[in-house]
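Down below is the structure, laid out as structure tokens.
Bear in mind these aren't lab numbers, they're just calculated from the coordinates by the rules spelled out. This is a predicted model, so every value here is computed, not measured. Don't worry about glycine lacking a Cβ; one is built from the backbone with ideal geometry, like all the others, and counts go over all protein chains shown.
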Amino acid sequence: MSQADAAFSERAFYLQEFRGRTLGVACPAGLLRDPDALASVVHTLARNDTRVIVISSRRAALAEIVGERIVPAGTPRLETSVWRQLRQSQRLGILVGGRRPFTVQCRELALRLGFFKLIWIHPQGGVRAPGGERLSFVHQEELRALLAHPRRIGRERRALLREVDRLLAGGIAAVNVCTLDGLEEELFTYSGSGTLFTRKRYIAVRDLGLDDFDAAYDLIGRGVRDGYLAPRPAAEVDRILASGFGAFVEGSHLSGIGALLPHDDRSGEIASLYTLTRFLGEGVGQHLVRYALRQARAMRLRSVFACTTRDRVGLFFERQGFERVSADDLPASKWRRYDRRRRRRLQCYRRELPTRRRRRAET
């Protein structure tokens with residue numbers, strides 16, 4: 001799969017998720033001196049049958065983004081006025097003003113109108129850890145921990161994060177904070193450019209369904225390009241998808257994939273295990289391995305193995321109870337048509353599974 005195909009697949013995946021939904025974009029007036037970046041994203045979403053409401057305090061800038069469909073925040077019966085405007089156009093501006101903080105007005109509007117998602121444009125982009133690395137995914141408990149240590153964040157950022165907390169508590173499912181330049185990457189790529197805030201740390205692992213195949217196929221291609229996964233012919237990729245499983249955050253964000261492939265010696269291979277960097281802190285890989293082990297026990301396999309060329313991945317498998325073994329210790333079916341040069345670089349790990357007889361002996 002080419003890089004262009006992968007980018008299209010990511011974009012298409014998110015456009016499908018947003019279709020028929022209402023997204024809010026809160027953008028301070030000072031960031032709209034050059035509205036082209038926002039106008040381009042809004043145009044893309046509107047063509048996708050996604051309703052987009054841009055909130056700002058500069059009418060002229062809003063007009064460049066959404067046209068003349070601009071509703072003052074103080075309009076009587078705002079909800080129905082917005083609804084009627086959106087029946088005529090997929091894009092709309094809401095003009096705020098007065099002395100009340102912009103962040104407070106945006107939060108009130110988002111909760112009142114019930115956005116599917118609110119994207120908050122901020123000049124500093126997403127939140128960063130004390131070491132400087134971007135926190136790309138933060139659930140509400142972690143957000144409140146940040147707010148409890150005000151020295152970690154500036155005064156202005158703290159005010160914004162308080163409003164994000166109130167949005168999540170009020171029922172908004174997700175809030176993205178990013179820069180204007182990073183908006184497209186934040187919305188249309190798995191890695192993002194800012195910080196995604198959600199209510200819960202909720203990860204569910206389940207078998208892949210047909211609607212998940214596009215995103216899973218793209219993750220496999222990304223893993224190959226990054227050097228974590230071995231290239232596979234189309235027939236083997238199809239086998240991975242047909243027997244694959246995924247870890248989903250908040251029920252919709254595919255954060256990692258894997259598959260358990262049985263071999264003829266009653267062993268199983270954990271194949272194409274790959275997780276998105278954005279969700280590394282959520283223990284996605286561990287959830288996927290546990291799911292594979294449950295599958296293996298249900299299939300009454302004797303052992304499960306995995307192979308990698310990365311030291312860090314090898315250490316991960318050791319932490320999951322796997323032991324380093326020689327490639328010769330694995331079933332011969334694993335190496336049919338396998339690249340010899342890659343095999344020489346592989347680290348192989350295996351975990352024995354207790355059989356029913358072994359479990360009785362241990363008890």
Does Arg337 satisfy the condition of being over 15 Å from Gly285 (Cβ atoms) and outside any loop (DSSP other than H, G, I, E, B)? no
Looking only at the range 91-116, count how many residues are under 19 Å from Arg21 (Cβ atoms) and surrounded by fewer than 20 Cβ atoms within 10 Å (Cβ to Cβ). 5
With (1) out of contact with any strand residue (DSSP E or B) (no Cβ under 8 Å at 6 or more places or on another chain); (2) within 20 Å of Ala298 (Cβ to Cβ) as the list, and Val224 as the residue in question, which single condition is left unmet? (2)
Determine the pairs where a residue that is within 19 Å of Leu196 (Cα to Cα), located within the range 138-157, has a partner that is part of a helix (DSSP H, G or I) and among the hydrophobic types (A, V, I, L, M, F, W, C) with Cβ atoms under 7 Å apart, the partner being 6 or more residues away or on another chain. Gln140/Leu168; Leu143/Leu161; Leu143/Val164; Leu146/Leu161; Leu147/Leu161; Arg152/Leu146; Ile153/Leu146; Ile153/Leu161
Restricting to strands (runs of 3 or more DSSP E) lying wholly in the range 1-102: which have 3 or more residues that are closer than 26 Å to Leu254 by Cα and over 25 Å from the mean Cα position of the chain (by Cα)? none
Please state which of the following conditions Arg225 fails to meet, knowing it meets all the rest: (1) within 20 Å of Thr44 (Cα to Cα); (2) over 16 Å from the mean Cα position of the chain (by Cα); (3) surrounded by fewer than 18 Cβ atoms within 10 Å (Cβ to Cβ). (1)
Just to be sure I understand, how many residues within the range 39-70 are over 20 Å from Phe18 (Cβ atoms) and among the hydrophobic types (A, V, I, L, M, F, W, C)? 5
